[in-house]
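Undergrad: Have a look at this one.
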Amino acid sequence: MIWLYAVTDRPEAEAPRVRGIEDAPLATVCGDGLAAVVSRCLRDVPPTEGNLLRHEAVLEALMADRTVLPVRFGAVASERKRVRQALRERRAWCETNLKRLRGRVELGLRILWGEPEGASAGGACACPTTASGRTYLLARAEEERQEKARREQARDFALWLHGPLERLAAESSYRLLVTPRMLLTGAYLVERDRMPEFRRQVSALGSAHPSLSLLCTGPWPPFSFVSPELQGRTEELVRDARF
Amino acid sequence: MNSLATRREVTLLEVLDRVIDKGVVLWGELTLSVADVDLVYVGVKLLLSSIETAEKMRRHAVAATWEVDSRP
């Protein structure tokens, strides 16, 4: 099988010397001005820590000297011919997106806040053992009202923090309250040379709000900006709580 | 948890959040089934707590941002 890492805009460039999944050497499959970076693999590549990090490491090596469309972990093709065929079929889409991402990197941001414990603890204590059904229902309704207010407050605050960062980015996306403490999980597509400015802005937010914890990571391959559902848009993804 | 281990876990979490869930799917052939992904997400749950640990440690530091080296 052939494991796929990325589509790049430099078919003439050699594959980096880093090793891929299962320690296999990298190769490129070229077609129509594009190149897919690949390596050989067995049919089943489990999503172990080692494999996930290897996939990422290959992408980071590629990012050093070319624009990449990072491929999701787990994409394989049965033969090179199929890779070339896919490049041909998706050429316009790939070219548009490579152009869009050129010179830009993804920065990640997580903002933790300390607010919610108090609210949920209060709710739990209010659970009655002897109170009437009516009291219980009223308490539940009140809890729900508080929860709703808290979400609205979180949303306003998160968007207020997100605003100045969004302005430094070409594109951005975010999720609110992935867990109760994680106020905002953001991804920002930033010009490489604006990274310091972006980080300074994150620092400034941290200084202005000592109760928040901010974690800025990257530069990453622009994973968050090539998913079909996120493409080209700033959007809020309040996902069902998987966590 | 020492700081190196925390950094490693945070890095893994960030990688996981991207490479499994996002990225181009040009081909219909994905080896990873939804069941596998769910298993991976169980791991994420544990890793999330390490971010909080990292933050507790960081809170005592002067710097407001903490850049994670994403290389393994």
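Undergrad: Using a/c under 1.5 as the rounded threshold, could you call chain A rounded, prolate or oblate? The axes a ≥ b ≥ c are square roots of the C-alpha gyration tensor eigenvalues, and prolate needs a/b larger than b/c, oblate otherwise.
TA: Numbers: a/c = 2.78, a/b = 1.97, b/c = 1.41.
Here chain A falls in the prolate category.
Undergrad: Expressed in nm to one decimal, what extension gain is obtained for the pair A:CYS30 and A:ALA139 from 0.36 nm per residue of sequence separation less their Cα-Cα distance? Provide the component values of the computation, followed by the final result.
TA: Working: separation 109, 0.36 × 109 = 39.24 nm, distance 6.42 nm.
That pair, A:CYS30 and A:ALA139, stretches by 32.8 nm at full extension.
Undergrad: May I ask for the net charge around A:MET63, where only other residues with Cβ less than 11 Å from the Cβ of A:MET63 are counted and Lys, Arg are +1 while Asp, Glu are -1? Show your work: numbers first, answer last.
TA: Working: positive: A:ARG66, A:ARG104, A:ARG192; negative: A:GLU56, A:GLU60, A:ASP65, A:GLU106.
Summing Lys and Arg as +1 and Asp and Glu as -1 gives -1.
Undergrad: Among A:ASN51, A:GLY218, A:SER173, whose Cα sits farthest toward the positive end of the charge dipole of chain A (+1 at Cβ of Lys/Arg, -1 at Cβ of Asp/Glu, about the Cα centre)?
TA: A:ASN51
Undergrad: Sum up the charges of everything whose Cβ sits under 13 Å from the Cβ of A:GLN201, counting Lys and Arg as +1 and Asp and Glu as -1, but leave A:GLN201 out. All intermediate terms of the calculation are to be shown ahead of the outcome.
TA: Details: positive: A:ARG167, A:ARG194, A:ARG199, A:ARG200; negative: A:GLU166, A:GLU197.
Here the charged neighbours net out to +2.
Undergrad: What is the extension gain from A:ARG80 to A:ALA13, computed as 0.36 nm multiplied by their sequence separation minus the C-alpha to C-alpha distance, in nm to one decimal?
TA: Working: separation 67, 0.36 × 67 = 24.12 nm, distance 1.80 nm.
Between A:ARG80 and A:ALA13, full extension yields 22.3 nm more.
Undergrad: Follow-up question, since we're still on this one. Less than 12 Å Cβ to Cβ from A:ARG145, Lys/Arg counted +1 and Asp/Glu -1: what total charge do the surrounding residues give?
TA: Details: positive: A:ARG140, A:LYS148, A:ARG150, A:ARG151; negative: A:GLU142, A:GLU143, A:GLU144, A:GLU147, A:GLU152.
Net charge around A:ARG145: -1.
Undergrad: Exactly which trypsin sites (Lys or Arg not before Pro) in the stretch A:1-106 are in a DSSP loop and have at most 15 other Cβ atoms within 10 Å? Intermediate results must be reported in sequence, preceding the final value.
TA: Details: sites: A:ARG17, A:ARG19, A:ARG40, A:ARG43, A:ARG54, A:ARG66, A:ARG72, A:ARG80, A:LYS81, A:ARG82, A:ARG84, A:ARG88, A:ARG90, A:ARG91, A:LYS99, A:ARG100, A:ARG102, A:ARG104; in loops: A:ARG17, A:ARG43, A:ARG66, A:ARG72, A:ARG90, A:ARG102.
Counting only loop positions with at most 15 other Cβ atoms within 10 Å, the trypsin sites (Lys or Arg not before Pro) in the stretch A:1-106 are A:ARG17, A:ARG43, A:ARG102.
Undergrad: In which sequence would A:TRP93, A:TRP3 go, from the one with the fewest C-beta neighbours within 10 Å to the one with the most? The partial results should precede the final answer.
TA: Values: A:TRP93 16, A:TRP3 27.
Listing A:TRP93, A:TRP3 from fewest to most nearby Cβ atoms yields A:TRP93, A:TRP3.
Undergrad: What are the ³J(HN,Hα) values, in whole Hz, obtained from phi via the Karplus relation 6.51 cos²θ - 1.76 cosθ + 1.60 with θ = phi - 60°, for each residue of the stretch A:197-205 in sequence order, with x given for Gly and Pro?
TA: Those phi angles translate into 4, 4, 5, 5, 5, 4, 4, 4, 5 Hz.
Undergrad: Report the extension gain between A:SER207 and A:GLU147 in nm, rounded to one decimal, defined as 0.36 nm multiplied by the number of residues separating them, less their alpha carbon distance. Please report the intermediate quantities before stating the final value.
TA: Values: separation 60, 0.36 × 60 = 21.60 nm, distance 2.79 nm.
Full-extension gain reported as 18.8 nm.
None of the figures in this text is laboratory data; all of them are computed from the coordinates on show. Nothing here was measured: the structure is a model prediction, and the numbers come from that model. Every residue, glycine as well, gets a Cβ built from its backbone with ideal geometry; the counts of neighbours run over all protein chains shown.
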